[in-house]
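The values are calculated or read from the model by the stated rules, or taken from the named source; none is laboratory data. Nothing here was measured: the structure is a model prediction, and the numbers come from that model. Glycine gets a Cβ as well: all are built from the backbone with ideal geometry, and neighbour counts include every protein chain shown. Note: areas computed on protein heavy atoms with side chains; ligands, DNA, RNA excluded. Shrake-Rupley method; radii C 1.70, N 1.55, O 1.52, S 1.80 Å.
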Amino acid sequence: MRLRNVKSAFDTIHTYDAVVENPQDYKGRWREFFGNDNPIYIEIGMGKGRFLMEHAMNNPDINYIGFEKFTVVLVKALERYQRQGHELTNLKVIRIFAEHMLDIFEENEVDRVYLNFSDPWPKDRHYKRRLTYRGFLEKYRHVMKPEGCVIFKTDNDPLFDFSLEEIEAAGMNIDKVTRDLHNSDYLDGNVMTEYEAKFHKQGKNINMVEASF
Ligand code: SAM
């Protein structure tokens, strides 16, 4: 990434309405923030934002919040949202590490967590950084409504195996699971992410699990 692009992203991120600058201020008050009682779905590691944008356009009665740790990546998503030309009042983004999510949400505030093509952290010693590690699942449980769910998609088979073990260890119920989403009964309504489109085009199987607490 060129340094000029990085500087420009840091300079411009504040100019986009979709960015929530002080998300801690809304802890326990997200429904007030959105001005409605609609469900709140979050995507952790939203990347360039295609998935969230399509969901937000198709589902105006759901509020979406994207987490992304890298400013440069987030600005790419914001540029995309601006290009599509409609003001999406039900889509907000936060530049944050998922590790800090308990600073942002109170218990029972979130209805769904999407994890799409999360970084695999393949080295054994880094397993606690994987977003499906039980420590993260506990954080999701803390902020989620009892009827909420986590939906995880990945091309990475070892990460998927690890994630199923963590889901079981966390005492979650597996409601849907497939090792080949695009040739399964669960494809209906699926919204592709950037990574998913790339891997699917290469013929890679896409794993998906939906689990609840
Ligand atoms: N979800 C998108 C997709 O499917 O196309 C992007 C996938 S990309 C492999 C993973 C994204 O998650 C990257 O943009 C990365 O910066 C972000 N990410 C990784 N770990 C994160 C964390 N702990 N908190 C917030 N974002 C994170």
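When you look at residue 117, is it within 14 Å of the chain's Cα centre (by Cα) and loosely packed, with under 14 Cβ neighbours inside 10 Å, yes or no? Here the answer is no, as residue 117 does not meet what is asked. Scan the range 165-192 and report the pairs whose first residue is crowded, with 17+ Cβ neighbours inside 10 Å and whose second residue is among the small types (Gly, Ala, Ser), with Cβ atoms within less than 6 Å and a gap of 6+ or a chain change. From residues that are crowded, with 17+ Cβ neighbours inside 10 Å, the pairs are 167/211; 172/211; 178/184.
Here residue 131 fits the description: closer than 27 Å to residue 203 by Cβ and either modelled with pLDDT under 95 or under 19 Å from the mean Cα position of the chain (by Cα) (or both).
I want to confirm something. Restricting to the range 56-81 and keeping residues that are touching a residue at least 12 places away in the same chain (Cβ under 8 Å) and of a type in the set (Asp, Glu), which single residue is least open to solvent (accessible area, probe 1.4 Å)? Across the range 56-81, the extreme among qualifying residues is 68.
Residues that are touching a helix residue (DSSP H, G or I) at 6+ places or on another chain (Cβ under 9 Å) and either part of a helix (DSSP H, G or I) or over 19 Å from residue 120 (Cα atoms) (or both) within the range 148-162 comprise 148, 162, listed in sequence order. Quick one: is residue 34 in contact with a Ser or Thr (Cβ under 7 Å, 6 or more places away or on another chain), hydrophobic (A, V, I, L, M, F, W, C), surrounded by 14 or more Cβ atoms within 10 Å (Cβ to Cβ) and touching a residue at least 24 places away in the same chain (Cβ under 8 Å)? Considered against the rule, which asks whether it is in contact with a Ser or Thr (Cβ under 7 Å, 6 or more places away or on another chain), hydrophobic (A, V, I, L, M, F, W, C), surrounded by 14 or more Cβ atoms within 10 Å (Cβ to Cβ) and touching a residue at least 24 places away in the same chain (Cβ under 8 Å), residue 34 comes out as no. Of all the numbered requirements in (1) within 18 Å of the chain's Cα centre (by Cα); (2) of a type outside the set (Ser, Thr, Tyr); (3) at positive phi, residue 149 misses one, and that requirement is (3). Scanning the range 20-29 for residues that are out of contact with any strand residue (DSSP E or B) (no Cβ under 6 Å at 6 or more places or on another chain) and under 24 Å from residue 70 (Cβ atoms) turns up 21, 22, 24, 25, 26, 27. Just one of the listed residues (93, 75) is at pLDDT below 95 and either among the β-branched types (Val, Ile, Thr) or under 22 Å from residue 136 (Cα atoms) (or both), and it is 75.
Just checking, which of 20, 93 is within 16 Å of the chain's Cα centre (by Cα) and closer than 23 Å to residue 154 by Cβ? Don't jump to the end; show me each part of the working.
On the way: 20 fails: closer than 23 Å to residue 154 by Cβ.
Just one listed residue meets the conditions, 93.
With respect to the conditions (1) within 20 Å of residue 97 (Cα to Cα); (2) surrounded by fewer than 16 Cβ atoms within 10 Å (Cβ to Cβ); (3) of a type in the set (A, V, I, L, M), residue 197 falls short on a single one, namely (1). Taken over the range 1-24, the criterion of being open to solvent by 30 Å² or more (accessible area, probe 1.4 Å) and in a helix (DSSP H, G or I) is satisfied by 3, 4, 5, 6, 7, 8, 10, 11, 12, 14, 15, 24. In summary, residue 85 fulfils each of the numbered conditions (1) closer than 22 Å to residue 38 by Cβ; (2) modelled with pLDDT under 95 with the single exception of condition (1).
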